[in-house]
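K.L.:
A single structure is presented below for examination.
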Amino acid sequence: MCGLPTRPFHHRGLGDPSPGDYRRCHHCRLIHLDPGVWPDRETERAYYRTHENRPDDPGYQAHLQRLIEPLLEALPPPARGLDWGCGPQPVLAALLRTRGYTMDTWDPAFAPAWPDAPDSGWDIITCTEVLEHLHNPLDTLQTLRTHLRPGGVLGVMTEWPPAADRFRRWHYRRDPTHVAFYGPDTLHWIADRLGCALALPARDIALFTRSDPP
Ligand SMILES: [Zn+2]
């Protein structure tokens with residue numbers, strides 16, 4: 001992500017059904033899958049359709065509450081938000097509306113029409129279970145920052161990687177569209193780069209508050 005050379009982090013070994021090893025950057029600490037085996041867009045979209053994030057699934061709603069609760073504290077409604085990368089079912093946006101937010105949604109595959117942006121930027125932008133799919137994460141995050149008003153909050157949910165000795169059995173990396181993993185070190189690096197204050201209110205949850213100037 002930062003452009004510095006990376007080093008081998010995890011070799012899959014015999015018996016692993018998917019190709020590609022993982023590398024880690026010793027500067028920004030990002031762990032990423034060998035780019036030679038990243039899925040193309042069509043493969044990704046076909047795979048996303050198999051994800052079962054059903055709006056009426058209480059387990060999934062409880063999962064999203066882990067982001068919603070700290071977001072409510074950081075920037076209470078009324079506020080206008082964008083759920084960036086909402087997927088086929090904009091469950092998070094629907095839940096945030098019930099809490100008093102006005103929500104827009106966008107997704108490259110499932111809701112590609114860009115919403116009318118507020119003049120000064122959105123108050124909040126949410127990005128849940130998206131970062132791990134991105135092929136150019138820093139570009140995307142810098143773009144999201146420009147769509148946030150000063151003082152606005154970018155709420156990110158992505159699973160933090162476990163310690164190296166548990167990486168082999170980690171379920172999250174078995175999704176072939178998950179190409180990069182961000183722990184607290186990497187999230188701090190991103191916040192510095194974006195000119196944002198960072199809060200990590202719970203595991204897998206990051207809140208970036210836009211401070212100006214960048
Ligand atoms: Zn790096």
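K.L.:
For the chain, modelled as a Gaussian network with Cα springs under 10 Å, which listed residue fluctuates most, ARG80, ARG24, ARG169?
P.N.:
With Cα springs under 10 Å in the chain, the top fluctuation among ARG80, ARG24, ARG169 is at ARG169.
K.L.:
Take every Cα pair under 8 Å in the range 6-210 that's 6+ residues apart, average their separations, divide by the length, and report that relative contact order as a whole percent.
P.N.:
After rounding, I find 20 percent.
K.L.:
Moving on. Pick out which of ASP175, ASP139, ASP119 has the largest mean-square fluctuation in a Gaussian network model of the chain, springs linking Cα atoms closer than 10 Å.
P.N.:
ASP119
K.L.:
At what distance in angstrom do the alpha carbon centres of the range 150-204 and the range 1-44 lie from each other?
P.N.:
Spelled out, the Cα-based centre of one part sits 15 Å from the other.
K.L.:
Excluding GLY85 itself, calculate the net charge of residues whose Cβ lies under 9 Å from the Cβ of GLY85, where each Lys or Arg counts +1 and each Asp or Glu counts -1.
P.N.:
Taking every other residue near GLY85 into account, the sum is -3.
K.L.:
From the square roots a ≥ b ≥ c of the eigenvalues of the alpha-carbon gyration tensor of the chain, which class results: rounded (a/c under 1.5), prolate (a/b over b/c), or oblate?
P.N.:
In terms of gyration-tensor shape, prolate.
K.L.:
Magnitude of the Cβ-charge dipole of the chain, K/R +1 and D/E -1, about the Cα centre, nearest 20 debye?
P.N.:
With only Lys, Arg, Asp and Glu charged at Cβ, the dipole is about 520 debye.
K.L.:
So, counting K/R as plus one and D/E as minus one, what does the shell of residues with Cβ under 14 Å around PRO76 add up to?
P.N.:
-1
K.L.:
Along the Cα→Cβ direction, 7 angstrom out, place labels at ALA94 and ASP192. What is the inter-label distance in nm?
P.N.:
So the label points at ALA94 and ASP192 sit 4.2 nm apart.
K.L.:
For the range 31-140, what is the percent of antiparallel DSSP beta bridges, rounded to the nearest 5?
P.N.:
Among the beta bridges of the range 31-140, antiparallel pairing accounts for roughly 10 percent.
K.L.:
I would also like to ask the following. Give the shape of the range 157-214 as rounded, prolate or oblate, defined through the alpha-carbon gyration tensor: a ≥ b ≥ c are the square roots of its eigenvalues, a/c under 1.5 means rounded, and otherwise the shape is prolate if a/b is larger than b/c and oblate if not.
P.N.:
It is prolate, given that a/c is not under 1.5 and a/b is the larger ratio.
K.L.:
If you don't mind, another one. Report the one residue of HIS63, SER18, PRO76 whose Cα lies farthest in the direction of the positive end of the charge dipole of the range 4-88 (charges on C-beta: Lys and Arg +1, Asp and Glu -1; origin at the Cα centre).
P.N.:
Of the options given, the answer is SER18.
K.L.:
Further question on the same structure: If you take the square roots of the eigenvalues of the alpha-carbon gyration tensor of the range 105-214 and sort them as a ≥ b ≥ c, do you get rounded (a/c under 1.5), prolate (a/b over b/c) or oblate?
P.N.:
Oblate shape, in that a/c is at least 1.5 and b/c is the bigger or equal ratio.
K.L.:
Among PRO137, ALA109, ILE124, whose Cα sits farthest toward the positive end of the charge dipole of the chain (+1 at Cβ of Lys/Arg, -1 at Cβ of Asp/Glu, about the Cα centre)?
P.N.:
Working it through, the farthest residue towards the positive pole turns out to be PRO137.
K.L.:
What's the local net charge at ARG168, with K and R +1, D and E -1, over the other residues with C-beta under 10 Å away?
P.N.:
Charge balance in the 10 Å sphere: +2.
K.L.:
Right, something else. In deg cm²/dmol and to the nearest 500, what is the mean residue ellipticity at 222 nm of the chain if only DSSP H runs of at least 4 residues count, each as -39500 (n - 2.57), divided by the residue total?
P.N.:
-8000 deg cm²/dmol
K.L.:
For the range 76-180, with only Lys/Arg (+1) and Asp/Glu (-1) charged at the beta-carbon, what is the dipole magnitude about the Cα centre, in debye rounded to 20?
P.N.:
380 debye
The numbers here are math on the coordinates, done by the rules we state, and not lab data. Remember, it's a predicted structure, so these values are computed and weren't measured experimentally. All Cβ positions, even for glycine, are placed from backbone atoms using ideal geometry, and neighbour counts span all protein chains on display.
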